[in-house]
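**Student:** Can you keep this structure in mind? I'll have questions shortly.
The values are calculated or read from the model by the stated rules, or taken from the named source; none is laboratory data. For clarity, every value in this text was computed on a predicted model and none was experimentally measured. All Cβ positions, glycine included, derive from the backbone under ideal geometry; neighbour counts span all protein chains shown. SASA here: full protein model, heavy atoms, side chains in, ligands and nucleic acids out. Shrake-Rupley method; radii C 1.70, N 1.55, O 1.52, S 1.80 Å.
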Amino acid sequence: MNHYFATVARGLEPIAAQELERLGAQEVRPDFTGVHFQGDTALMYRVNLWARTIFRVLVVLAEFPCANAKQLYQGVQTIPWAQYLKPQHTLAVNATGKTKQLNHSHFTALQVKNAIVDQQRNQFGKRSSVNIEKPDLFVNVHIHQNRCILSLDSSGTSLHRRGYRPAMGLAPLKETLAAALLKLAEWQPTLPLLDPMCGSGTLPLEASLISLTIAPGLFREQFAFERWLDFDPTLWQHLLNQAKACQHQELAAPITGCDRAADILNQARSNALHCGILDQITFIQQDLSQLEPPADRGIIICNPPYGERLGNAQELGDLYKLLGDIFKQRFKGWTAFILTGNKQLAKRVGLKASRRIPVYNGSIPCTFLKYELY
């Protein structure tokens, strides 16, 4: 059994922990912006392929006391790096956290890199070179309270970059957050879903991938673990074949995205085309005032602008009031959710929220508001 750590967005740790358990992880324990878990190599491959709410899967190699640069160097040197890296392979080190002595992440990363290449020189007379962009081995070092956790990053680029979204809106929702919002909204594939302000389509796309049981990792070119010395191509191909075999052909209920901007909707369609599901999702160009329910019940989720990056206060206040009016007048029997980072704007909806769930959109503290529309 290996010890893993999944990095996640702040506030989504419990959702990610549930997802990891569903994927077969053992000893699951949420932590700040991450979840500890255990499992075999197949689990690590599977989590990278299937997880919808996490950023990276780190394989923990060692944890040791680390108050200063000397202890850090010595701790890194205790690891037999030849198991993971040959001199002809490239290397990158990412450092986070700090102590009084080690308070600069660039210096910390340099110490780790030096300890690894010095061991290589002593063993082989030559050393790996650094490749920041696409290394063969991505080493992650985290320093906290005079302890160092040293890991290998099995994912490479963050898993929220599914690979299906070349076209981005102005203030895009991360795919991982979109997937988490669907979970928080208790949306099920059998329920119609409507995003009345869908932008480049992240919410309808993530919902469609869930409904059609499509693994989000299938769109990625490569994961970091595919370049590792112990990579098992047979096992990986088996998991890929399994993932492709379990896909559904049709949505269980309609998923609809609306937006008033034609160019933004074209981006959404382009992203759906990259997923191979353009014929499944309904995208409609219309102004919010024209919005009508596509079914007699379902879930609405929207992420209207909240003044951080888009819009001005007066216009936005009117927009939130319009949302509330339309929900109340036209969507009886539905459940609506609004993600917002602005409490004043939320008041303009004019409806009483039955739940207020705190979440972060990037670094912005937000509230996910639930409205029961009887």
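**Student:** Report, for the chain, the % of DSSP beta bridges that are antiparallel, rounded to 5.
**Tutor:** Values: 40 of 62 bridges.
In the chain, approximately 65 percent of DSSP beta bridges are antiparallel ones.
**Student:** Now for a different question. If you wrap a convex hull around the alpha carbons of the range 5-138, what volume per residue comes out, as a whole number of Å³?
**Tutor:** Normalising the Cα hull of the range 5-138 by residue number yields 125 Å³.
**Student:** Let me ask you something else. Relative to the longest principal axis of the C-alpha atoms of the chain, give the angle of the C-alpha long axis of helix 233-245, reported between 0 and 90° and rounded to the nearest 10°.
**Tutor:** 10 degrees
**Student:** With a 1.4 Å probe and every protein chain left in place, tell me how much accessible area residue 22 has, in Å² to the nearest 10.
**Tutor:** 150 Å²
**Student:** Follow-up question, since we're still on this one. Could you work out which residue, out of 154, 363, 270, moves most in a Gaussian network model of the chain, that is, has the largest mean-square fluctuation with Cα springs under 10 Å?
**Tutor:** 363
**Student:** Now for a separate question. Under a point spin-label approximation (7 Å from Cα along Cα-to-Cβ), what is the residue 21-residue 77 distance to one decimal in nm?
**Tutor:** Here the answer is 4.4 nm between the modelled labels.
**Student:** Given a cut-off of under 8 Å on Cα pairs at least six residues apart, what relative contact order in percent is computed for the chain?
**Tutor:** Relative contact order for the chain comes out at 14 percent.
**Student:** Taking a cut-off of 25 Å between Cα atoms, list the lysines near residue 332, but don't count ones fewer than 8 places away on the same chain.
**Tutor:** Leaving aside lysines fewer than 8 places away in the same chain, those within reach of residue 332 are 183, 321, 343, 347, 352, 370.
**Student:** Can you give the convex hull volume of the alpha carbon atoms of the range 1-73 per residue, in Å³?
**Tutor:** Hull volume over Cα atoms, normalised by residue count, gives 101 Å³.
**Student:** Let me ask another. Computing the accessible area with a 1.4 Å probe over protein heavy atoms, can you report the carbon and sulfur percentage for the range 161-261?
**Tutor:** Details: 2040 of 4120 Å².
After summing per-atom areas, the C and S share lands at 50 percent.
**Student:** Right, here's the next one. Over all pairs of distinct alpha carbons, what does the Kirkwood formula give as the hydrodynamic radius of the chain, in Å? Present the calculation step by step, with values, prior to reporting the outcome.
**Tutor:** Values: mean 1/r = 0.0447 Å⁻¹.
Across the chain, the inverse of the average 1/r is 22.4 Å.
**Student:** Take every DSSP beta bridge whose two residues both sit in the range 140-267, then give the antiparallel share in percent to the nearest 5.
**Tutor:** So the antiparallel bridges in the range 140-267 amount to around 60 percent.
**Student:** Rounded to two decimals, what is the ratio between the C-alpha radius of gyration of the range 178-233 and 2.2 N^0.38 Å?
**Tutor:** 1.50
**Student:** Where the convex hull is taken over the Cα atoms of the range 246-287, what is its projected area averaged over directions, in nm²?
**Tutor:** Its Cα hull, projected and averaged over all orientations, spans 3.1 nm².
**Student:** For the range 123-246, go through all pairs of different Cα atoms, get the mean of 1/r, take its inverse, and jot down that Kirkwood value in Å.
**Tutor:** After inverting the pairwise mean of 1/r, the radius is 17.6 Å.
**Student:** Keeping every protein chain present and rolling a 1.4 Å probe, give me the accessible area per residue for the range 152-226 in Å².
**Tutor:** Accessible area per residue: 28 Å².
**Student:** What is the distance, in nm, between label points placed 7 Å from the Cα along the Cα-to-Cβ direction at residue 250 and at residue 269?
**Tutor:** In this crude spin-label approximation the distance works out to 2.3 nm.
**Student:** When averaged across all projection directions, what area in nm² does the alpha-carbon convex hull of the range 267-366 cover?
**Tutor:** Value for the range 267-366: 7.6 nm².
**Student:** Tell me, what is the FRET efficiency for residue 297 and residue 221 to the nearest 0.05, using R0 = 35 angstrom and their Cβ-Cβ distance as r?
**Tutor:** Once rounded, the FRET efficiency stands at 0.30.
**Student:** To continue, here is another question. Which of 289, 208, 200 moves the most in a Gaussian network model of the chain with Cα springs under 10 Å?
**Tutor:** Of 289, 208, 200, the Gaussian network model singles out 289 as fluctuating most.
**Student:** Next question. As an exercise, take the mean of 1/r over every pair of distinct alpha carbons in the range 73-154, invert it, and state the Kirkwood radius in angstroms.
**Tutor:** 12.8 Å
**Student:** Can you give me the distance in nm between label points at residue 238 and residue 144, each placed 7 Å from the Cα along the Cα-to-Cβ direction?
**Tutor:** 3.4 nm
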